[in-house]
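**Student:** Below is one structure. I have some questions about it.
The values are calculated or read from the model by the stated rules, or taken from the named source; none is laboratory data. Treat the numbers as computed from the prediction; the structure is a model and nothing was measured. Backbone-built Cβ (ideal geometry, glycine too); neighbour counts: all protein chains shown. We work out accessible area using only protein heavy atoms, side chains counted, and drop any ligands, DNA or RNA first. Shrake-Rupley method; radii C 1.70, N 1.55, O 1.52, S 1.80 Å.
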Amino acid sequence: MFVFLSKILDLLLSPLTWSLLLGVAGLVLRRRRARLAPWLQGLGLAVLYVFSTEPVSNGLQVWVEAGAVSTYRPDVTYDAVIVLGGAVDSSAIERSGMPEYNPAVERVLRGFELVREGRARQVLLTAGSIDKRPEALVEADVLSKQLQAWGIPPERIVTEGNSRNTRENAVESERIVREKGWKTLLMVTSAAHMPRAQATFEAVGLKPDTLAVDVRAREWIIRSTWWQPRAANLSAGTDALRELFGRWVYRLRGWA
C-alpha cells in the first residue's frame, strides 16, 4: 500500500500537475468567481514557466545533491559493492527486447568498473519491480545479465529482486550481508539519492562506504538561455522535489 500511495504522491508533487490543477480551477470558477479565475490560470502558467527554467531546476538539483558525500577508499578491496536499482527502463525493454536504461545507469557502470578492476570481490544488485504482472521484468535480473555480458563471472554477482523502494533495498541487503558475512561494503547510487539511501541503510545496521554518481547539478554560469523554458528542466526539478519529499517521509516513518 505504501508503494502505491508513494506513486500517487509523486504525481501530486509535480509542478506540471500544480499548473494543470490551477488551470482547471480557473475554468471551473470562471462563472462563479469571474475575477479569481484569470488569476488562477495566470498562476498556473507562472508555476509552469518558473519550474521550466534552468536557474530553478539547477537550484533544486544543487539542493538535493548537497548532502551527498563519497567516502570510497581506493586502497580498500571491498567484500561487496552494493548497486541500488532505478537505472532500467522496463517499458522500453519490453518494446525493444534489448537492455534499455535511464540517466541513472551510471550506478551500474560504476559497479561494473569496481568489480572489473578488483576493487570489490562481489557485486550486490538490489532492485525489484513494482509491476505485479507475472511476466514483469525484475531489474536485478536485467542488470545481472548485463554484467555477465560485459565479462563479470556469475559467481561474483548476487541479485536481490524483491525490493521495491529504498527501505526494502536496505532491509533485503542487510539480510544478504549477514548471510554472506561481508564486512567491508561500498554503496553506489545517484548523488541526489545518496543522503536518503545512506541514512536508510544505517537505520538497518549497515554502514557502507559511499560512492555518489550520476551528478546532475551544474556550475552556476550565466547563460543566454536561462530564461527559456525547457521540458528537461521541468523534469529535473520535479525529480528533485520528489526526492526531497521522500526524505521527509522516510524521517517521519523512522526509516532514515
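**Student:** For the chain, take N as its residue count and report Rg(C-alpha) divided by 2.2 N^0.38 Å.
**Tutor:** 1.14
**Student:** Charges on Cβ only, +1 for Lys and Arg, -1 for Asp and Glu, centred on the Cα centroid of the chain; of SER224, LEU29, ASN162, which one is farthest towards the dipole's positive end?
**Tutor:** LEU29
**Student:** In addition: Take the chain, connect every pair of alpha-carbon atoms lying under 10 Å apart with a spring to form a Gaussian network, then pick out the residue of LYS132, LYS145, LYS207 with the largest mean-square fluctuation.
**Tutor:** LYS132
**Student:** Turning to a different aspect of this structure: If you project the alpha carbons of the range 112-256 onto their three principal axes, what span does each projection cover, largest first, in Å?
**Tutor:** 53, 38, 35
**Student:** Each label point is 7 Å from the Cα along the Cα-to-Cβ direction; what then is the distance between the points at SER91 and ARG230, in nm?
**Tutor:** 2.2 nm
**Student:** Within the range 203-256, which chymotrypsin sites (Phe, Trp or Tyr not before Pro) sit in a loop by DSSP and count at most 13 neighbouring Cβ atoms inside 10 Å?
**Tutor:** TRP220, TRP226, TRP227
**Student:** Between the range 192-206 and the range 102-178, what is the C-alpha centre distance in whole Å?
**Tutor:** Comparing the Cα centres of the range 192-206 and the range 102-178, I get a distance of 17 Å.
**Student:** Also: In a shell of Cβ-Cβ distance under 12 Å around GLU168, excluding GLU168 itself, what net charge do Lys and Arg (+1) and Asp and Glu (-1) give?
**Tutor:** My count for the surroundings of GLU168 gives 0.
**Student:** Hey, what angle do you get for helix 231-253 against the long axis of the chain, alpha-carbon based, 0 to 90 degrees rounded to 10?
**Tutor:** 70 degrees
**Student:** So in the chain, what percent of DSSP beta bridges are antiparallel if you round to the nearest 5?
**Tutor:** Close to 5 percent.
**Student:** If you don't mind, there's one more thing I want to ask. Under a 10 Å cutoff between Cα atoms, tell me which one of SER235, SER190, SER91 has the largest fluctuation in the Gaussian network model of the chain.
**Tutor:** SER91
**Student:** Give me, ordered by chain and number, the residues 5 or more places off SER190 or on other chains with an amide H under 5 Å from its own placed amide H.
**Tutor:** VAL213
**Student:** On C-alpha positions alone, give me the angle between the axis of helix 139-149 and the longest principal axis of the chain, in degrees, nearest 10.
**Tutor:** With both axes taken from Cα atoms, the answer is about 50 degrees.
**Student:** Could you list the GluC sites (Glu not before Pro) in the range 112-164 that lie in coil according to DSSP, counting only those with at most 15 other Cβ atoms within 10 Å of their Cβ?
**Tutor:** GLU117, GLU135
**Student:** Using only DSSP helix segments of four residues or longer, with each worth -39500 (n - 2.57), what per-residue ellipticity at 222 nm results for the chain after dividing by its residue count and rounding to 500?
**Tutor:** -16000 deg cm²/dmol
**Student:** Would you mind calculating the relative contact order of the chain from Cα pairs under 8 angstrom and at least 6 residues apart, reporting the percent as a whole number?
**Tutor:** After rounding, I find 27 percent.
**Student:** Oh, and also: Using only the heavy atoms of the protein chains and a 1.4 Å probe, how would MET194, MET98 rank by accessible area, largest first?
**Tutor:** Greatest to least solvent exposure: MET98, MET194.
**Student:** Could you tell me the center-to-center distance, by alpha carbons, between the range 42-73 and the range 234-256 in angstrom?
**Tutor:** 13 Å
**Student:** For helix 106-116, report the angle its Cα long axis makes with the longest principal axis of the Cα atoms of the chain; keep it between 0 and 90° and round to the nearest 10°.
**Tutor:** The two axes meet at around 10 degrees.
**Student:** Tell me whether the range 1-147 comes out rounded, prolate or oblate; compute the Cα gyration tensor, take square roots of the eigenvalues as a ≥ b ≥ c, and use a/c under 1.5 as the rounded threshold.
**Tutor:** Prolate, since a/c reaches 1.5 and a/b exceeds b/c.
**Student:** Continuing with the same structure: Give, rounded to the nearest 20 debye, the magnitude of the charge dipole that the chain has about its Cα centre when Lys and Arg contribute +1 at Cβ and Asp and Glu contribute -1 at Cβ.
**Tutor:** Taking the Cα centre of the chain as origin, the dipole is about 1120 debye.
**Student:** While we're here: Among LEU16, LEU27, LEU84, determine the one that fluctuates most according to a GNM of the chain built with springs between C-alpha atoms less than 10 Å apart.
**Tutor:** Result for the chain, Cα springs under 10 Å: LEU27 fluctuates most.
**Student:** For the range 6-95, with every protein chain kept in place, what is the accessible area per residue (1.4 Å probe, Å²)?
**Tutor:** Roughly 58 Å² per residue, with all protein chains present.
**Student:** At 1.4 Å probe size, with the rest of the protein present, what percent of the exposed accessible area of the range 101-227 is carbon and sulfur atoms?
**Tutor:** 49 percent
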